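Have a look at the structure below before the remarks.
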Amino acid sequence: MSESTIIYVYTLNGGKGKWSRYVFPFPIDDFVMLNDTLYMRSGDDVLRYDASTALDFAGDATRQQAFPGIVQYQWLDFGRPGVSKQVVGFDLVGSGNSTFALGYDQSNQGTFTTDFAVPPDTVPGQIIPLPVMAPSMSVRVSYPGGQKWQLQAVSLYLQDMRAGS
């Protein structure tokens with residue numbers, strides 16, 4: 001079971017579409033929906049998606065494993081491309097234990113601040129300070145495996161760096 005499968009899902013919600021990328025740690029040969037339940041075939045195994053569990057192969061003591069969740073925003077310009085902007089901090093709303101990092105070099109897309117633990121739901125008006133200056137940035141919120149989680153919103157607070165402002 002060293003192969004993995006990457007699946008892209010396009011969700012249309014409220015007239016706006018968004019892509020999600022899912023990486024399964026096993027090969028998926030086929031999948032089908034039956035009565036609003038997703039079934040997947042991986043070799044001789046038939047797997048069923050179950051929103052109430054946070055484990056792959058739940059109930060199989062030899063193969064059961066937790067999987068992490070990562071939400072990463074595309075690179076955001078926050079105005080004019082190529083002009084440096086400064087983030088002074090952020091807030092997020094969600095549930096579950098998470099870490100936060102901010103990407104700051106779009107030419108090297110693996111360049112992020114060090115991940116650090118944040119509360120699942122920060123208090124509005126009391127931002128978590130994170131001073132970063134860059135022309136574009138990418139938000140990454142990571143959740144360790146074995147827990148249910150949800151990310152509802154991320155707010156970045158910017159300082160206007162234009163001359164004369």
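Observations on the model:
- Our coupling estimate for segment 15-29, obtained by passing each phi through the Karplus curve with A = 6.51, B = -1.76, C = 1.60 and θ = phi - 60°, is x, 10, x, 9, 9, 10, 10, 10, 10, 9, x, 8, x, 10, 8 Hz, Gly and Pro reported as x.
- Equivalent ellipsoid semi-axes - Cα gyration tensor, segment 70-159, angstrom: 22, 15, 10
- Loop-located trypsin sites (Lys or Arg not before Pro) in segment 73-165 whose Cβ has at most 16 other Cβ within 10 Å (DSSP): K148, R162
- Debye intensity ratio in log₁₀ form over the Cα atoms of segment 5-67, taken at each q of 0.13, 0.19, 0.20 Å⁻¹: -0.42, -0.85, -0.93
- Segment 1-119, Rg to Rh (Cα coordinates; Rh as Kirkwood inverse mean 1/r): 1.03
- From phi via Karplus (6.51, -1.76, 1.60), per-residue ³J(HN,Hα) for segment 137-144 in Hz, x at Gly/Pro: 9, 10, 8, 10, 10, 10, 10, x
None of the figures in this text is laboratory data; all of them are computed from the coordinates on show. Remember, predicted model here, so these are calculated numbers, not experimental data. Here Cβ is always computed from backbone atoms with ideal geometry, including for glycine, and neighbour counts include all displayed protein chains.
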